[in-house]
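Working notes, structure below.
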Amino acid sequence: MKVLSSYQDGKLTLHLKGELDHHEASAALRKIGRVLDDYLPQDCVIDMEGLTFMDSSGIALILKISRLMTETGGRAWVENARRQPLRVIDASGIDRMIKVVV
């Protein structure tokens, strides 16, 4: 899995690409943590357009990003989730805790 990022006007966009499972989640979270520390964004978009597969590790990743953003007074949300990752998000119910824009 790849994590690419772009930053503009206080908004960090994390572009997730590939497959996110328990093998990839910890490395992805370390990278994302460094990027959040570097930019200290007000808003963080988790763009899942390039994510082809996600298991429950992806839910943990989303919640961790959301918590980190809340701790610094920011906010996070998910955009462009494909069909399979969206099913995992829907089944988990986290869309009641974090905004999901399809």
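The numbers here are math on the coordinates, done by the rules we state, and not lab data. Quantities reported herein were computed from a predicted structural model and do not represent experimental measurements. Cβ coordinates were reconstructed from backbone atoms using ideal geometry, including for glycine residues, and neighbour counts include every protein chain displayed.
Counting lysine pairs in the stretch 2-101 that sit 8 or more residues apart in sequence, or on different chains, and whose Cα atoms lie under 16 Å apart gives 6. In plain terms, the chain from Glu19 to Asp37 could stretch by 4.1 nm, reckoned as 0.36 nm per residue minus the Cα-Cα distance. A full extension of the chain between Lys64 and Lys99 corresponds to an added length of 11.2 nm, given 0.36 nm per residue minus the alpha carbon distance.
For the chain, trypsin sites (Lys or Arg not before Pro) are listed when DSSP marks them as loop and at most 16 other Cβ atoms sit within 10 Å of their Cβ; the list is Arg82. A simple spin-label model places pseudo-atoms 7 Å from Cα toward Cβ; at Ser56 and Gln84 they are separated by 1.8 nm.
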